[in-house]
Amino acid sequence: MKADRKIIAALNLVLKSQLTGINQYFLHARMFANWGFEGLNKAHYKTSIKLMKESDKLIERTLFLEGLPNLQSLGKLQIGETVPEAFKGDLNYELTSQHAAIEEAIKVSSSLHDFATEELLRGFMQSCEDNIDQLETRLSLIDTMGLENYLQTQVHDDD
Amino acid sequence: MYVCNCAGVTERDIHEALDRGARSVKDLRRELNVANDCCQCVCDVKRCLREHQAMCQAVDPQFLGSHSVGAQTNQQVNQQANQQANQQVNQQASNQSALGRAAA
């Protein structure tokens, strides 16, 4: 099924943002593991894999619409040196890159009456907002309970 | 935060390099290897340069370091300052000798 070029371009922008997110979350997850925060490692790893599955759906959809998914392009990773910096980088990525790209793609697909694509994107928007909520909660927890106390809750025994 | 993910360079590394005398993206590239691979960090590197310049000017309004590409290095600025100082000293010396001759 051939789709408008504008839809393919918008989907490719979402894909670029998702590929950036996969790498950013994955690197942060393994950095947390390296620092000994097993809880944060697991959570970030899960988010990265979820984004990977979403981008798989997006690639399939783009191919179905007879476009070429662009897996070459990658945005700038916002990597933190500390746990709060990493959270802030992730939150900034979700708000400025992911949320904006999905919003634009929903607008384009809706205006061109591609409702199946729109539905797919709405699902992505839901998980993007879940991630934003989770990151905001973590940052507010750091504010209320203090960084040391928060980090202590994320150190899990290996045995 | 990491500014350049390719070279693993942080904001702190860049500010330290600027404190040591780097004055342009070129200088930073030579010293830290930033903005050399995918070049996605150029904007952030330039932001660090602007921040550093603003900070230096807040401390010293006469701060001469320009952060544009191809700008003068600290050494060049120092050399110019030395030359000017030498000229002034020479002028004073010649003035004094002229006064001495006039008195004689």
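Every number in this text was worked out from the coordinates using simple rules, so none of it is lab data. Everything quoted here is computed from the prediction, not taken from an experiment. Note that each Cβ is placed from the backbone with ideal geometry, even for glycine, and that neighbours are counted across all protein chains shown.
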| request: Show that you can apply the helix-only estimate: for chain A, add -39,500 (n - 2.57) for every DSSP H stretch of four or more residues, divide by all residues, and state [θ] at 222 nm to the nearest 500. | output: -25500 deg cm²/dmol
| said: Amide H of B:T10 versus every other amide H placed in the peptide plane: which residues, excluding those fewer than 5 positions away on the same chain, fall under 5 Å? | reply: B:V3
| When the convex hull of its Cα atoms is projected in every direction, mean area for the range A:19-70 (nm²) | 3.2 nm²
| field | Calculated FRET value between A:M52 and B:E51, using beta carbons and R₀ = 41 Å, to 0.05 | value | 0.70
| If one puts a single equal scatterer on every Cα of the range A:107-151 and applies the Debye formula without solvent, what log₁₀ I(q)/I(0) results at q = 0.14, 0.32, 0.33 Å⁻¹? | -0.50, -0.97, -1.00
| query | Label-point separation (nm) for A:A33 and B:R30, each offset 7 Å from Cα along Cα-to-Cβ? | reply | 4.1 nm
| note | In this structure, the FRET efficiency calculated for B:D60 and A:L112 from their beta-carbon separation, with R0 = 41 Å, to the nearest 0.05, is 0.10
| message | Whole angstrom only: what separates the Cα centroid of the range A:106-159 from the Cα centroid of the range A:1-64? | response | 13 Å
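Just to verify a number: FRET efficiency for A:A9 and A:D130, C-beta to C-beta distance, R0 = 25 Å, to 0.05?
E(calc), rounded to 0.05, equals 0.40.
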